[in-house]
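Asker: This is the structure I want to talk about, given as structure tokens.
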Amino acid sequence: RLFDLDPDLLPLFQYNCKQFANPQECLSAPEFLDHIRKVMLVIDAAVNHLENLSCLEEYLCNLGKKHQAVGVKVESFSTVGESLLYMLEKCLGTAFSPDVQEAWSKLYGAVVKAMQRGWETLPEGD
């Protein structure tokens, strides 16, 4: 769903300097699947620290800096969020109520805000 929403994201996923010819090639690459596992680990950490997301602040800020360094735009995270919500809706079916959708949107929004602060901080000495 991610590349359906924004095909321009495909070039951001290059592993070992290999560019993918199409989304399917990228989606089946072991490196992409590993990236998805890492994304889900961040989501898992956020869920597990729901009452104290601030403890993840430094990690998420640094993660934002890393994404900026490889050319990811902050705006792209809304597409990722939309894809996440789509996946949750498909997996949860009728259990994906408006309240559940709102809770996931808020959690994802908090993660993205913390990552976005990585864009906003300048390296030391600047």
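Asker: Any residue in the range 18-39 that's free of Cβ contacts under 8 Å to residues at least 24 places away in the same chain and within 23 Å of residue 112 (Cα to Cα): show its pairings with residues that are open to solvent by 80 Å² or more (accessible area, probe 1.4 Å) and small (Gly, Ala, Ser) at Cβ separation under 6 Å, as long as the two are six or more apart or on different chains.
Answerer: Final answer for the pair search is none.
Asker: A further question on this structure: For residue 102, are the conditions met, namely being over 17 Å from residue 45 (Cβ atoms), out of contact with any Phe, Trp or Tyr (no Cβ under 7 Å at 6 or more places or on another chain) and of a type in the set (Asp, Glu)?
Answerer: Spelling it out, residue 102 is indeed over 17 Å from residue 45 (Cβ atoms), out of contact with any Phe, Trp or Tyr (no Cβ under 7 Å at 6 or more places or on another chain) and of a type in the set (Asp, Glu).
Asker: Restricting to the range 63-77, count the residues that are open to solvent by 50 Å² or more (accessible area, probe 1.4 Å) and in contact (Cβ under 8 Å) with a residue 12 or more places away in the chain.
Answerer: Matching residues across the range 63-77 total 4.
Asker: Just give me the residues in the range 78-97 being surrounded by 16 or more Cβ atoms within 10 Å (Cβ to Cβ) and of a type in the set (Val, Ile, Thr), in sequence order.
Answerer: Within the range 78-97, 79, 80 meet the criteria.
Asker: Let me ask another. Within the range 45-62, take every residue that is open to solvent by 80 Å² or more (accessible area, probe 1.4 Å) and acidic (Asp, Glu) and give me the one that is farthest from residue 116 (Cα to Cα).
Answerer: 51
Asker: Shifting gears a bit: Quick check on the range 10-44: of everything there that is farther than 19 Å from residue 84 by Cα and in contact with a helix residue (DSSP H, G or I) (Cβ under 7 Å, 6 or more places away or on another chain), which residue is most open to solvent (accessible area, probe 1.4 Å)?
Answerer: Top of the filtered list is 19.
The values are calculated or read from the model by the stated rules, or taken from the named source; none is laboratory data. Keep in mind it's a predicted model, so treat the numbers as computed, not measured. All Cβ positions, even for glycine, are placed from backbone atoms using ideal geometry, and neighbour counts span all protein chains on display. SASA here: full protein model, heavy atoms, side chains in, ligands and nucleic acids out. Shrake-Rupley method; radii C 1.70, N 1.55, O 1.52, S 1.80 Å.
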